[in-house]
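If you scroll down you'll find the structure; I have some questions about it.
The values are calculated or read from the model by the stated rules, or taken from the named source; none is laboratory data. The model shown is predicted, which means the values in this text are computed figures rather than measured ones. No Cβ is skipped: glycine too gets one built from the backbone with ideal geometry, and neighbour counts run over all protein chains shown. Just so you know, the surface numbers come from the protein's heavy atoms only, side chains and all, with ligands and any DNA or RNA stripped out. Shrake-Rupley method; radii C 1.70, N 1.55, O 1.52, S 1.80 Å.
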Amino acid sequence: MVSLIHNLLSRVVLLNLWVVLLCNCVTSVWGLNYTKYRQVGDLRLARIQKHLDNLNKPPVFSIQSPDGDIIDCIHKRKQPALDHPLLKNHRIQRVRPEMPKMGSSMATQVEGGKSANISKNDGYIRRGAWQMWHQNGQRCPKGTVPVRRSTVHDVLRANSLYDFGKKRQRIAPLARRADAPDVVSGNGHEHAIAYTGASSEVYGAKATINVWDPKIEVINEFSLSQIWVLSGSFDGSDLNSIEAGWQVSPELYGDSRPRLFTYWTSDAYQATGCYNLLCSGFVQTNSRIAIGAAISPLSEFQGNQFDVTIIIWKDPKLGNWWMGFGDNTLVGYWPAELFTHLADRATMVEWGGEIVNSRANGEHTSTEMGSGHFAEDGHIKSTSQVARAVKAGQ
């Protein structure tokens, strides 16, 4: 049936923009069919294109990635962040803040619904993962920042233009504890996490996460492993969250490759914030790391492990929340102006994984979290995070 549809589509001629038959083709590394077909009118296409014209800034230079992405090198003073109304007079922070010194810790395996602690020195091989667009040897020039170009197909995979690049709002279950994050949300989001105690004074956190390519059952589900830096209440509309890690999301990216991602919100995922650079807010300062780009190489089952290290901390002088990648690479920062509670401090940090269970076939999804294996299977089979938080006085 699919081959028949593709044969028919190959004969379709696109005339003007009255009614265009668009194929939302999603390439999956697992060979799954995420393709949807819909009719798109010219008015909707015009709205989408206007949004993309505002989002995709004119590049100084563009790089074609082997995975099909286009990475645009945007002058740092023209980047999307500075379109935010709260950042109209913002001056990009030039003084490099000092990264907090975080010592050794335990690797907490939290994927697959169970947790266990393992020593960091168990003899397995861990190596830093990088990004796929680096493979052709090209780099963005000094003074620019790499931005993954968004396309019409990216927008059409979302429920709407408004929903593009945003997490669906969490709906809290009736019996959830008020002082802990939601482990199973009412909207199908399921978590396996470790977290600090509530009402802590936290000014930074670190996670070293090995990277896998979990199987995703349907297009509107995702799997991720990340760190959350939080402040505010879980049962209200004032939750502030800064998030970063790796994610597989066919709906957002159009494939099933693990990608470096960020997220922020200052109102519990209602109206503010977005993934990556899909709205204004996050100020990028690095010319080598593209947020939203595919990570390569990946961890192997019972083999070598490849990880990403993410550090998020509050600059004590200017109050901005910085993100580091690896041991000493500064990616950029979330300006303090974006937040209410996080403008002061964080009160909780979470480390762990999340999937969406849409119950598409009336049963629990087969979408995997991390490697898809439980923590007791060992660190070369399951996902681990080496985690540490910086609290007041440290």
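Over region 221-374, with the other protein chains present, what is the accessible area per residue in square angstrom, probe 1.4 angstrom?
I get 27 Å² per residue for region 221-374.
For region 50-57, in order, what is each residue's ³J(HN,Hα) by Karplus, 6.51 cos²θ - 1.76 cosθ + 1.60 with θ = phi - 60°, in whole Hz (x at glycine and Pro)?
4, 5, 5, 5, 7, 7, 7, 6
While we're here: Using only the alpha carbon atoms of region 181-391, find the Kirkwood hydrodynamic radius as the inverse mean reciprocal pair distance, in angstroms to one decimal.
By the Kirkwood definition, the hydrodynamic radius is 17.4 Å.
According to a simple spin-label model (label point 7 Å from Cα along Cα-to-Cβ), what is the distance in nm between N159 and R345?
Going by the 7 Å Cα→Cβ label model, 3.7 nm.
Roughly how many Å² of W212 are accessible to a 1.4 Å probe, to the nearest 10?
10
Can I ask one more? Considering only protein heavy atoms and a probe of 1.4 Å, how much of the accessible area of region 181-391 is carbon and sulfur, as a whole percent?
46
Please give the contour-minus-distance gain from I70 to N136: 0.36 nm per residue of separation, less the Cα-Cα distance, rounded to one decimal in nm.
22.5 nm
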